[in-house]
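These notes concern the structure reproduced below.
The values are calculated or read from the model by the stated rules, or taken from the named source; none is laboratory data. Keep in mind that what you see is a predicted model, and the values were worked out from it rather than measured. Quick reminder, even Gly has a Cβ in these numbers, built from the backbone with ideal geometry, and neighbours come from all protein chains shown. The area values use the complete protein model at the heavy-atom level, side chains included, leaving out ligands, DNA and RNA. Shrake-Rupley method; radii C 1.70, N 1.55, O 1.52, S 1.80 Å.
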Amino acid sequence: MKPEHAHRALKKLIKSLGPRTGRDDTIPDVFVLFDEAHALTELKTHSNRTYFIELRSVLHDLGDFSLFAFFLSTTSKISQFAMPKDIDQSHRVGQGVLKPSLPFSDLGFDHLMRTRKIFDTFKTIGDVTSTECVVHMGRPL
Amino acid sequence: MRRAHGTSIVSPVSRSFRHILTFYRWGTIYDCSDQRNLRSIHSLAITKLLCADGDPYSLQFSIDQQCAVLSQRLALDINGTTYVTSGSTSNYDMMDKVQLQIANHLRVCIAIPEDLATVRGVAASEPILSEVASYIMTNYSNFNLSDALLNVLNSYAISHGERGELLVAVFFTRARDLYVQRTHPRLFPRVPTPFCPIFSVKDLLSNLFQARSFSTMLDSLPSVRRADFPSQKFGAVFENTKMHFNHMIQPLKQKVVVRPYLVAIMARGAAALGANCQPGYDMVYPFLYNTSDLVIKKTGFIIVQVKNHANFLKPDPHLFRGMDPFACKLLDKDSDGPDFTVPIIRIVFSLGGERPSLNHITYESPGLGAATFDANKHPLFTSYDFWCSGVSPDILQPVEGDALTKWEILLGKTDQWEGLFSTSKAPDVRRSQYPGGGSNNDHYDAWMLDNIPLDSE
């Protein structure tokens, strides 16, 4: 797909959303979510660039539009998406012209304990060793 | 999340259920499913921790998997940049290892610096993972504890502790697993479903020490005694105690470790390592005394201090005075002093002791074992004190006879700096480049006339 195709498609999408009414103008019109994004970190055939690098370049070209892209992954290394500038494949990133966003990893812990806290719901050593308590401690996803 | 809180899952083997297993974690799956799926949660936790499918019992553990398992028990910090004795030593290699543990082995990312160069990950307290790690260490015949620890310490920049604290934490962890293995072979799942075992102080220590040493403990009277505490033997006093721990937490600040904190982390199944430069002790294991309720005033602890080399073939009572729970700030004299009737245990491990032994400590006067007294000069606490010397299968059950050499190697690795100097072809020359850096004379010979009498560890 040529870059101008992506431009046209995004323009068409934003137009179809209709006019903004009563919303904060700092919120983008379009959010794009790439789930299981580690699949994009494979190298393109006959290239030393990954699909993610290419996609990042395209998204940068769409920078004038009201667009924000998320990349989600639970099984990838952070460096596959956000690497130190001296090893980033982008010339502009390496020179400090462009600065990648910092990955977001502060998802929190023990969300499922908020309605069943220690000393409130679970009060004995038998309670806290039960499956009911143990499985609710920790990460949500 | 609407699915998690809304419709129930019809079949545990349905495609939709397997899809949910991929994304959601333990609590969500538990809330959505029925009792038959508890084993799925257990299996999922193992799969995620090891990042491995297939028959787990035939798994040949990689070093990364060994690190993952041990990290969930011992709170291993792999973020350091200290010297690694084998393999790669570049910062990028170390960063890559941390990121691999985050990506594949459930280490939690807690900091990403702006330069993206050094990502920090921690083995956060997550009791289910610690319990399955215990299950792996106990039931998977290809997991060898001493081998795994040696591999991980050789491959990751982990602090062993200057005096062997990590080894003693391993011994306590293994003792707990031995108890579970011998008495709860099929703990999970059961209805009602305790996920983790409860055990007593005697259960733990009877699996830490060999029978002969443990009988010494059972017959011991208090080393330090409150005026209102009866002079009873250890075996009777600690009969009705309850413990719950399957992992360690490394607190970041010294003053965090007080008795209410210990009750809180016990609820997560944790014991506490001493914070950096913690005075008086290296680890604390809390227990409930004569109750099953999580009550602060009914909580006692096992206080542990570790020494590497046997400076004192004869146990030193001054060490125990420094382990006074009030002096260590585990307790507050004003609020806890008047009625701290829960007995405690204090153990010093002198790992480099030449003659393996376990000795019950007694004092010629109470003041030698305590530092805090009431108005009548009586100690404010009751303690049973012991000195354990050496790393030997004759004393310690976790030290299996055929692995003794490996434990001795691990003990030798506690002095990382010495390892750094001794690998030189001219270690004396290398030490001279660090004047005053240690107790070895090579740090002084070049610039000082007479050697000062250093108290070496």
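Residue A:138 meets each of the listed conditions (1) under 30 Å from residue B:295 (Cα atoms); (2) more than 8 Å from chain B (Cβ to nearest Cβ); (3) among the small types (Gly, Ala, Ser) apart from (2). For region B:232-267, the set of residues classified as part of a loop (DSSP other than H, G, I, E, B) and either modelled with pLDDT of 95 or more or in contact with a strand residue (DSSP E or B) (Cβ under 8 Å, 6 or more places away or on another chain) (or both) consists of B:232, B:233, B:238, B:239, B:240, B:244, B:245, B:246, B:250, B:251, B:257, listed by residue number.
Every condition in (1) within 14 Å of residue B:223 (Cβ to Cβ); (2) in contact (Cβ under 8 Å) with a residue 60 or more places away in the chain; (3) part of a helix (DSSP H, G or I) is met by residue B:363 except one, and the failing one is (3). When residues in region B:43-88 are screened for being at pLDDT 85 or above, part of a helix (DSSP H, G or I) and farther than 17 Å from residue B:109 by Cβ, 13 of them pass.
Taking region B:121-130 as the range and being touching a residue at least 40 places away in the same chain (Cβ under 8 Å) and either within 9 Å of chain A (Cβ to nearest Cβ) or among the hydrophobic types (A, V, I, L, M, F, W, C) (or both) as the test, the residues that pass are B:122, B:123, B:125, B:126, B:127, B:128, B:129.
Against the test of being facing chain B (nearest Cβ under 8 Å) and over 30 Å from residue B:29 (Cα atoms), the options A:99, A:123, A:85 yield a single qualifying residue, A:85. With respect to the conditions (1) surrounded by fewer than 22 Cβ atoms within 10 Å (Cβ to Cβ); (2) over 21 Å from the mean Cα position of the chain (by Cα); (3) not aromatic (Phe, Trp, Tyr), residue B:252 falls short on a single one, namely (2). Suppose we keep only residues that are without any contact (Cβ under 8 Å) to a residue 12 or more places away in the chain and out of contact with any Phe, Trp or Tyr (no Cβ under 9 Å at 6 or more places or on another chain) within region A:86-98. Which one would you say is least open to solvent (accessible area, probe 1.4 Å)? Checking each candidate, the answer is A:93.
Restricting region B:97-120 to residues that are among the aliphatic types (A, V, I, L, M) and assigned to a helix (DSSP H, G or I) leaves a set whose member that is nearest to the other protein chains (Cβ to nearest Cβ) is B:103.
Output the residue which, of all residues in region B:268-292 that are part of a strand (DSSP E or B) and within 20 Å of residue B:319 (Cβ to Cβ), is nearest to the other protein chains (Cβ to nearest Cβ). If we take residues in region B:268-292 being part of a strand (DSSP E or B) and within 20 Å of residue B:319 (Cβ to Cβ), then B:285 is nearest to the other protein chains (Cβ to nearest Cβ). Being away from every other protein chain (no Cβ under 14 Å), among the β-branched types (Val, Ile, Thr), open to solvent by 30 Å² or more (accessible area, probe 1.4 Å) and under 20 Å from residue B:381 (Cβ atoms) is a property that holds for residue B:258. Cβ-Cβ distances below 8 Å connect the following pairs, each with a first residue in region A:64-82 that is over 10 Å from residue B:102 (Cβ atoms) and away from chain B (no Cβ under 14 Å), a second residue that is open to solvent by less than 60 Å² (accessible area, probe 1.4 Å) and among the acidic types (Asp, Glu), and a separation of six or more residues or different chains: A:65/A:29; A:66/A:29; A:67/A:29. Would you be able to say whether some residue in region A:50-57 is within 30 Å of residue B:28 (Cβ to Cβ), more than 14 Å from chain B (Cβ to nearest Cβ) and without any contact (Cβ under 8 Å) to a residue 40 or more places away in the chain? Yes, region A:50-57 contains at least one residue that is within 30 Å of residue B:28 (Cβ to Cβ), more than 14 Å from chain B (Cβ to nearest Cβ) and without any contact (Cβ under 8 Å) to a residue 40 or more places away in the chain. Within region B:132-149, does at least one residue satisfy the condition of being open to solvent by less than 20 Å² (accessible area, probe 1.4 Å), outside any helix (DSSP H, G or I) and in contact with an Asp or Glu (Cβ under 7 Å, 6 or more places away or on another chain)? So far as region B:132-149 goes, no, none of its residues is open to solvent by less than 20 Å² (accessible area, probe 1.4 Å), outside any helix (DSSP H, G or I) and in contact with an Asp or Glu (Cβ under 7 Å, 6 or more places away or on another chain).
Being at the interface with another protein chain (Cβ under 10 Å from one of its Cβ atoms) and either hydroxyl-bearing (Ser, Thr, Tyr) or touching a residue at least 40 places away in the same chain (Cβ under 8 Å) (or both) is a description that applies to residue A:105.
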